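Data block below; observations after.
The values are calculated or read from the model by the stated rules, or taken from the named source; none is laboratory data. As the structure is a prediction and not an experimental result, all values here were calculated from the model. Cβ atoms come from the backbone with ideal geometry, glycine included; neighbour counts cover every protein chain shown. For accessibility, only protein heavy atoms count, side chains too; no ligands or nucleic acids. Shrake-Rupley method; radii C 1.70, N 1.55, O 1.52, S 1.80 Å.
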Amino acid sequence: MQVFADNPWFRCLPPGQAQALLAVAQPIRVPAGTVLYRQGDVLAPSSAAFFGVARGALKLSILHGDGKEGILTVIEPGNWIGEVALLDTMQRAHTATALEDSELYAVSARNFEALMQGADFARAVARLVAGRLRMAYEALAGLALQSTRERLARRLVAMAHGDVTQSADQRRHISTSQDNLAMMLGVSRPTLNKELQALAKLGALSLRYGRIEILDMQRLQECARMG
């Protein structure tokens, strides 16, 4: 499928492994608002799978005991998720929710384990996990060392490249609500709006209804202190 072929991780799979992955993937439809799996879920046959997003979008989030939600990322088409719970067989660490009507491809735990017997596929999954771990480390470093404006700018740069997709291609428009972006950064909506307005005054971006337009990527990267 072209949507997967355009994804950097999938594109690096050897052709035989890519075909084998798609051959055992079963299509499923997930209506908007449906929870695919919940934080704390013990793996069950219905949810123990490696999921590829063919259409739509999934929100990965963590819920606090007081009901507050923190959004980790939004998974766009072409990406695969769910590998960590299949590798360590522990409870789900986050909740996955469909933001819109979505079509996924699910690879069962048994088929995933069979694919992992191949060295090429196992190395590819290791790269996938390592890339996401690196992003998690960068996010933790940002919380400890960066200002809200720097963290916001860095996140927008990442989102311009598809966030977890980390595509080499850069998009000019980022479709997101300020509520979701605030929950990604762990700040209040007024604080986020203040920092977005500051970046707009610097000429880095322009605010549109339901989206953010990147006007000057170099300026945005400078605000993120990315060199």
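Tell me, yes or no, whether the range 159-174 has at least one residue that is under 27 Å from GLY16 (Cα atoms), surrounded by fewer than 17 Cβ atoms within 10 Å (Cβ to Cβ), among the aliphatic types (A, V, I, L, M) and touching a Pro at 6+ places or on another chain (Cβ under 9 Å). Yes: one or more hits. Can you name the residue in the range 66-87 that is touching a strand residue (DSSP E or B) at 6+ places or on another chain (Cβ under 6 Å) and of a type in the set (Gly, Ala, Ser) and, of all such residues, is surrounded by the most Cβ atoms within 10 Å (Cβ to Cβ)? Per the criteria, the residue is GLY82. Just one residue in the set ARG92, ARG110 is of a type in the set (D, E, K, R) and under 20 Å from the mean Cα position of the chain (by Cα); that residue is ARG92.
Annotation: of all residues in the range 119-147 being more than 15 Å from LEU87 (Cβ to Cβ) and open to solvent by less than 50 Å² (accessible area, probe 1.4 Å), the one that is farthest from the chain's Cα centre (by Cα) is GLN146.
Scanning the range 1-51 for residues that are of a type in the set (A, V, I, L, M), open to solvent by 50 Å² or more (accessible area, probe 1.4 Å) and without any contact (Cβ under 8 Å) to a residue 12 or more places away in the chain yields a count of 1.
Among residues of the range 83-102 being touching a residue at least 60 places away in the same chain (Cβ under 8 Å) and either in contact with a Pro (Cβ under 6 Å, 6 or more places away or on another chain) or among the hydroxyl-bearing types (Ser, Thr, Tyr) (or both), the one that is farthest from VAL125 (Cα to Cα) is ASP101. Looking only at the range 200-221, residues that are within 13 Å of GLN170 (Cβ to Cβ) and in contact (Cβ under 8 Å) with a residue 24 or more places away in the chain come to 5 in all. All of LEU63, LEU58 fail the test of being touching a residue at least 24 places away in the same chain (Cβ under 8 Å) and open to solvent by 80 Å² or more (accessible area, probe 1.4 Å), apart from LEU63. Of GLU103, GLU113, all but one fail to be modelled with pLDDT of 90 or more, among the acidic types (Asp, Glu) and in a strand (DSSP E or B); the exception is GLU103.
Taking first residues from the range 138-154 that are within 21 Å of ASP216 (Cα to Cα) and partners that are not in a helix (DSSP H, G or I), the Cβ contacts under 6 Å between residues at least 6 apart in sequence or on separate chains come to THR148/VAL187; GLU150/ALA224; GLU150/ARG225; ALA153/ALA224; ARG154/ALA224. Going by the structure shown, is MET90 open to solvent by 60 Å² or more (accessible area, probe 1.4 Å), of a type outside the set (Lys, Arg) and over 30 Å from CYS223 (Cβ atoms)? It is true that MET90 is open to solvent by 60 Å² or more (accessible area, probe 1.4 Å), of a type outside the set (Lys, Arg) and over 30 Å from CYS223 (Cβ atoms). Of the residues that sit in the range 175-199 and are hydrophobic (A, V, I, L, M, F, W, C) and in contact (Cβ under 8 Å) with a residue 60 or more places away in the chain, which one is surrounded by the most Cβ atoms within 10 Å (Cβ to Cβ)? Applying the filter and picking the extreme gives MET184.
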